[in-house]
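Shown next, in structure tokens, is the structure this report addresses.
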Amino acid sequence: MTSPADSPAQSAPTKHQELLSWVDEIAQLAKPDKVQWVNGSDEEWKEITDALVEAGTFVRLNEEKKPNSFWAASNPSDVARVEDRTYICSEQEVDAGPTNNWVAPAEMKETLRGLFDGSMTGRTMYVIPFCMGPVESDDPKFGVEITDSAYVVASMLVMARCGQKILDAMGTDAGYVKCVHSVGAPLADGEQDVSWPCNDTKYITHFPETREIWSYGSGYGGNALLGKKCYSLRIGSVIGRDEGWMAEHMLILKLTSPEGAVHYVTGAFPSATGKTNLAMLEPTVEGWKVETLGDDIAWLRFGPDGRLYAVNPEFGFFGVAPGTSYTTNPNAMRTIDKGNSVFTNVALTDDGDIWWEGMTEEKPAHLIDWHGNDWTPESDQLSSHPNSRFCTPITQCPVLAPEYEGEPNGVPISAILFGGRRKTTIPLVTESRDWQHGVFMGATVSSETTAAATGAVGVVRRDPMAMLPFMGYNVGDYFNHWLEIGKQADAEKLPKIFYVNWFRRDEDGSFLWPGFGDNSRVLKWIIERLEGNAEAVESPIGRVPADGALDVEGLNISEDQLAKASAVNVDEWLEELPLIDEWFEQVGERLPSAMRDELETLRTNLDAA
Ligand code: GDP
Ligand code: PGA
Ligand code: MN
Ligand code: MN
């Protein structure tokens, strides 16, 4: 055993002095038994996953079914992002804005110092150098995550580019985001560990000015894999604001038409609202092809030609498991079937494979559920947590676009989709009149809450640009940044913005639109609109498909259903107006006046309708 006082710098695989002294400083504070630098090798992966199996955190799956893959069950209290425990600790409270929790940075640092003091006792402190986005890009964005969780190390190795090659690329002085994570479960001498260490006290904290992240008490992906939501969205959005680009909660897909025309599209939908599915869908319209570039996060920067280019900073998919099947999302199934994956809070089959609700029509006769209990189809409980997740390498996706690796500076975006999960009001697809109107659509996105975050499910809330839980700064400033981006480019070079809703319901509660692969029909209309080949009609809320413009050939949907899915219902929209008024009140004085102008235009249009 090495004491933390033994400088980890001596065995460290880098000459980056500032990094070495920071690692030393955290080790002094958290007092781990030892420090281990993560190099990303196959031997290291084996060592770490073997140790996780030994500790009871992982169960190794059947090699024939899911090679090199693992099942994990969390503590039942640690299953989702904790928005009420997430803080943006900017110097000024107003810079965190009305939508984020805020504590002054000095005060939060003091709290954290107390919590992290000795928090890694009895454990290994891992140091994970990582890069969000390709290292070969013009402006690689580095991070280093310190964690006392081997589960986090294994998951980070899937989700981000990590290890010695990153450390080498960082050289002796590259800047990086400092990410500190502890499950908050120190072990006394000889104390037996539990399979999922965590703490009832949780803090997910961000320091935008100093570009730091400190996360305490949770092992769940969204709270603990700090390259993802914390860096690529919260701190990323702040860096983007300062440097003139955007960090967004968006999938990226490549669409090729039957004529061979290529378009890249991004889409922002709230957590558990269809990004992963849309990103890799199998089109049901003849001759169209979809390839994937990303399923959760996009960084958008201007290219030399004045167009917006999107890069996926991640290296894996951290997808919602339930509902994923060979029918709904065959490409996700093919990706995980190649193995090398971690499954958390799903059920375990008797032959060492995994299962979740919706994977197959027929339920297995017997399972071990995510609580570790016997489960049969007669059980009145779900076998898998609604927010159970697969964590799998993106490079295994059979429809990964070659540009994912081939274009380290990203792909030019033709269209941006915003969407939410709404039973009523929001039609299948609406085209914005211009950038500012599109920003208004994004700024007023509403959606029913899902199991991706703790708290009530199914409550309609505003989730602007699907970024409500991920904005690293004041929401009014964030809207203004979107408007400013629009002013920096010629209108015809900007992506066109569309608003979609796959989740509208009939009176009997059933979905009006079949969704999934059939969403390609909406994508087709969007691309045809960009190319000037599809008809639209003006409505009070924007342009909607003209009668017959949406390709529904071969689709099993009645005319009545299609009409209801696509309807702009003025009465429903009149009920929406006060909700938008209320939302803009909440945004407060930093709301750009252009957003109020758009709201007045909407009101006038609806009154005239
Ligand atoms: P993400 O978290 O935004 O990436 O969302 P996912 O793509 O993982 O989907 C979340 C949930 O919504 C899953 O249970 C999906 O089966 C379901 N879902 C995704 N797309 C559709 C759709 O087009 N229609 C319907 N009805 N459900 C969908
Ligand atoms: P999701 O990602 O958007 O795929 O649900 C995780 C999250 O947002 O918490
Ligand atoms: Mn997400
Ligand atoms: Mn997803």
For the range 428-579, with only Lys/Arg (+1) and Asp/Glu (-1) charged at the beta-carbon, what is the dipole magnitude about the Cα centre, in debye rounded to 20? 560
Which is farthest toward the positive dipole end of the range 290-385 among P322, V342, L293, measuring Cα position about the Cα centre, with Cβ charges +1 (Lys, Arg) and -1 (Asp, Glu)? L293
Between helix 105-116 and the chain, what is the angle of the helix's C-alpha long axis to the longest principal axis, kept within 0 to 90° and rounded to the nearest 10? 50
Provide the packing ranking of 23-34, 168-179, i.e. peptides ordered by the mean count of other C-beta atoms within 10 Å per residue, highest first. 23-34, 168-179
Where the convex hull is taken over the Cα atoms of the chain, what is its projected area averaged over directions, in nm²? 26.5
Quick one: what are the phi-derived ³J(HN,Hα) couplings along the range 489-499, Karplus 6.51/-1.76/1.60 with θ = phi - 60°, whole Hz, x for glycine and proline? 10, 5, 3, 6, 8, 6, x, 7, 9, 10, 10
What pairs from K109/K338; K363/K423; K165/K229; K228/K487; K65/K496; K15/K338 go past 32 Å between their alpha carbons? K109/K338; K65/K496; K15/K338
In percent, how large is the relative contact order of the chain, given Cα pairs closer than 8 Å and 6 or more residues apart? 14
Scoring only Lys, Arg, Asp and Glu (+1, +1, -1, -1) among other residues with Cβ under 11 Å from the Cβ of E54 yields -2
Could you work out how much longer the chain between E492 and E93 gets when fully extended? Use 0.36 nm per residue separation minus the Cα distance between them, nm to one decimal. 139.9 nm
In terms of the alpha carbon gyration tensor, root eigenvalues a ≥ b ≥ c, rounded if a/c is under 1.5 and otherwise prolate when a/b exceeds b/c or oblate, the range 211-298 is oblate
In percent, how large is the relative contact order of the range 186-303, given Cα pairs closer than 8 Å and 6 or more residues apart? 21
Count neighbours as other Cβ atoms within 10 Å of each site's Cβ, and list the GluC sites (Glu not before Pro) in the range 165-255 that are DSSP loop with at most 15 such neighbours. E191, E209
Counting other C-beta atoms within 10 Å, and keeping those with at most 11, which DSSP coil GluC sites (Glu not before Pro) do you find in the range 356-458? E361, E362, E378
Looking at the square roots a ≥ b ≥ c of the eigenvalues of the Cα gyration tensor of the range 1-121, which shape do they give, rounded for a/c under 1.5, prolate if a/b is larger than b/c, or oblate? oblate
When I128, I557 are ranked with the fewest other C-beta atoms within 10 Å first, the list becomes I557, I128
Please compute the length gained on full extension between E209 and R596, using 0.36 nm multiplied by the number of residues separating them and subtracting their Cα-Cα distance. 136.3 nm
Report the antiparallel proportion of the DSSP beta bridges in the chain as a percent, rounded to a multiple of 5. 65
At 7 Å along the Cα-to-beta-carbon direction for both S77 and E582, put a label point, then send me their distance in nm to one decimal. 3.2
Describe numerically, in nm with one decimal, the distance between label points set 7 Å from Cα along Cα→Cβ at F302 and at N409. 1.4
What does the C-alpha gyration tensor say about the overall shape of the range 474-540? Classify as rounded when a/c is under 1.5, otherwise prolate if a/b is larger than b/c, or oblate. oblate
For the range 85-220, what proportion of DSSP beta bridges, expressed in % and rounded to the nearest 5, is antiparallel? 50
Exposure proxy check: Y151, Y309, Y216 ranked by fewest other beta carbons within 10 Å? Y309, Y216, Y151
Karplus (6.51, -1.76, 1.60) ³J(HN,Hα), θ = phi - 60°, over the range 54-61, in Hz, Gly and Pro reported as x: 4, 6, x, 6, 10, 10, 6, 7
Place +1 on the Cβ of every Lys and Arg and -1 on the Cβ of every Asp and Glu in the chain, take the dipole about the Cα centre, and give the residue among G554, V411, T601 whose Cα lies farthest towards its positive end. V411
Separation of alpha-carbon centers, the range 251-291 and the range 539-609, rounded to whole Å: 23
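I need V53, V429 ordered by Cβ neighbour count within 10 Å, fewest first.
Result, fewest neighbours first: V53, V429.
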Points 7 angstrom from Cα along the Cβ direction at K289 and K34: gap in nanometres? 5.0
Got a sec? Charge dipole of the range 362-496, +1 on Cβ for Lys and Arg, -1 for Asp and Glu; which of G455, P393, S383 is way out at the positive end? G455
Extension gain N533-E54, at 0.36 nm per residue separation less the Cα-Cα distance, in nm? 166.5 nm
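None of the figures in this text is laboratory data; all of them are computed from the coordinates on show. None of the values given here were measured: they were computed from a predicted structure. Here Cβ is always computed from backbone atoms with ideal geometry, including for glycine, and neighbour counts include all displayed protein chains.
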